[in-house]
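What follows is a set of notes on a single structure, which appears directly below.
The values are calculated or read from the model by the stated rules, or taken from the named source; none is laboratory data. Nothing here was measured: the structure is a model prediction, and the numbers come from that model. Note that we place each Cβ from the backbone using ideal geometry, even for glycine, and neighbour counts take in every protein chain shown.
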Amino acid sequence: MDFNASLRRAIKTGNVILGQHNTQKNIKDGKAQIVVIAQNCPEKFRTQLKSYQNLFVHTFEGSSVALGKACGKPFMVSTLAVVDPGESDILSLKRA
């Protein structure tokens, strides 16, 4: 699986939430199926994520700048939540 291509497809055809605040809100609402964090995501947020049971967290192999570029955005993205993968196979990360 090409992670960047799967992520872009999920953004285009599904529902992907960007940013720590919105990601956390979707986790609390039980909508986030998978959470992706950049390697340089703040430790405080990483610690908060550990408190949620049955939440799959994938660490992106790169910085928040690289994750933003992978999303096709011109800004940093330290975390995102996949609410609906659309036509993407990004949820296959859970099985890997």
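Out of curiosity, is Ser92 under 18 Å from Met1 (Cα atoms), of a type in the set (Ser, Thr, Tyr) and surrounded by 14 or more Cβ atoms within 10 Å (Cβ to Cβ)?
The answer is no for Ser92.
Taking the condition aliphatic (A, V, I, L, M) and touching a residue at least 24 places away in the same chain (Cβ under 8 Å), does Val82 pass? It is true that Val82 is aliphatic (A, V, I, L, M) and touching a residue at least 24 places away in the same chain (Cβ under 8 Å). Which ones in the stretch 34-55 are at pLDDT below 95, surrounded by 11 or more Cβ atoms within 10 Å (Cβ to Cβ) and closer than 24 Å to Ser88 by Cα? Passing the criteria: Leu49, Leu55.
Among the conditions (1) buried (at least 19 other Cβ atoms within 10 Å of the Cβ); (2) among the small types (Gly, Ala, Ser); (3) in contact with a helix residue (DSSP H, G or I) (Cβ under 7 Å, 6 or more places away or on another chain), Gly68 misses just one, which is (3). Each residue in the stretch 8-37 was checked for being in a helix (DSSP H, G or I), among the aliphatic types (A, V, I, L, M) and touching a helix residue (DSSP H, G or I) at 6+ places or on another chain (Cβ under 7 Å), and 1 pass. Any residue at all in the stretch 39-56 that is touching a residue at least 40 places away in the same chain (Cβ under 8 Å) and under 13 Å from the mean Cα position of the chain (by Cα)? Within the stretch 39-56, none of the residues are touching a residue at least 40 places away in the same chain (Cβ under 8 Å) and under 13 Å from the mean Cα position of the chain (by Cα). If you go through the stretch 1-33 and keep only what is surrounded by fewer than 14 Cβ atoms within 10 Å (Cβ to Cβ) and among the hydroxyl-bearing types (Ser, Thr, Tyr), you end up with just Thr13. Among the criteria (1) touching a residue at least 40 places away in the same chain (Cβ under 8 Å); (2) part of a helix (DSSP H, G or I); (3) under 22 Å from Ser92 (Cβ atoms), the one Leu67 does not fulfil is (1).
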